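A quick write-up on the structure given underneath.
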């Protein structure tokens, strides 16, 4: 199906925003700097994205789509691909910073990104439960079910990002994440 | 040692800020509303705390002092007290929201709370390693040391707060935290 001119422009803006985020981080990713990169006036950009928050939410949605299309096969996500995703995130601090800063803002009352993150978490927890069931079956260490371990897996990913963003020399994010997977795997059977 | 008038005023402002945060959350805790509660002009408040961020960081520092004075005995923190702290946090969404929102902002470049959170994490990870060593000794499940499990324990606490703040009906924070402690405890010995 051919994309309309407007859809193409929208995709172009998202790519430009991702570049600006990678180069200048969350604070540098202003509507003005993104508009400049795609050769629009700021007024022209507002036609596609009315606020900085709306633009950033769209960028994060687009990242989720890319990450999951690469990270899932016909069966859904797999734990080793999740491991690679954390490794990949450790090489793109700009977008991780944007995710983490916007997540922080989203918990405040009436924030425009609140709905996005609330729905995303519901979806991510369900996906993580599927991943865990596929990998470990119904019973995880500590007597946990996949559904009970899923919020923990999600919390570790997000929580480690804050520690890593603030002090990358002190926190090896991919290796800490693998440590958590070891806890979930439980004692080797023999 | 007697506190000076200025120290007393400062303590009074922090108590007022904590009240305002509890009632109105992160966004409602403006310098103006805190000044009003202690009977100062906003200009007068600025003498003690030059920015909203400086005031909120001072509130979080004060909370840490209270939490740790209640939560540690002569040996330092204990894991069951940490469990109670998470339970307690689930009853004070205002301050947890303030912590989580400010942590989110702090990862952006040049943010005034960046140093506070970076140092706090270094300190918290060291304390958590002590707690884990006291409770489980040198070897945790998955072959982890207390030092390797400490960032995970910290990440779970922070990460669960975001999920809980966004959707308290979907995430039982204290019970999820106890699930994580079960993972750390490993299989019952027999």
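Every number here is computed from the coordinates shown, using simple stated rules; none is lab data. The structure presented is a predicted model; accordingly, all values stated were derived computationally and were not measured. For neighbour counting, all protein chains shown are included, and Cβ atoms are generated from backbone atoms with ideal geometry for every residue, glycine included.
So here's what we get for this one:
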read-out	value
Inter-label distance for residue B:91 and residue A:84, nm, one decimal - labels placed 7 Å from Cα along Cα-to-Cβ	4.8 nm
Span from the segment B:150-190 Cα centroid across to the segment A:117-150 one, whole angstrom	13 Å
Residue exposure sequence - B:47, B:111 - by fewest surrounding Cβ within 10 Å	B:47, B:111
Expected 222 nm ellipticity per residue - DSSP helices of 4 or more, -39500 (n - 2.57), all of chain A, to 500	-24500 deg cm²/dmol
Kirkwood Rh in Å, taken over chain A so that all alpha-carbon pairs contribute	18.1 Å
Shape box of the protein assembly as shown [Cα atoms, principal axes, largest first, Å]	76, 65, 37
Fewest-first sequence of B:100, A:127 by Cβ atoms within 10 Å of each Cβ	A:127, B:100
Projected label distance in nm at residue A:115 and residue B:54, using a 7 Å step from Cα toward the beta-carbon	3.9 nm
Spatial separation of Cα centroids for segment B:1-43 and segment A:12-70, in angstrom	38 Å
Distances in nm from residue B:32 to the matching label points in the other copies, shortest first (labels 7 Å along Cα to Cβ)	2.6
Enclosed volume per residue, in Å³, of the convex hull spanned by Cα atoms of segment B:118-190	93 Å³
Pair residue B:61, residue A:42: separation of 7 Å Cα→Cβ label points (nm)	3.6 nm
Hydrodynamic radius by Kirkwood, which averages 1/r over all alpha carbon pairs of segment B:1-50, in angstrom	11.0 Å
Taking A:84, B:6 and counting other C-beta atoms within 10 Å, the order from fewest to most	B:6, A:84
Rounded FRET efficiency, nearest 0.05, which uses the C-beta distance separating residue B:5 from residue B:170 and R0 of 56 Å	0.70
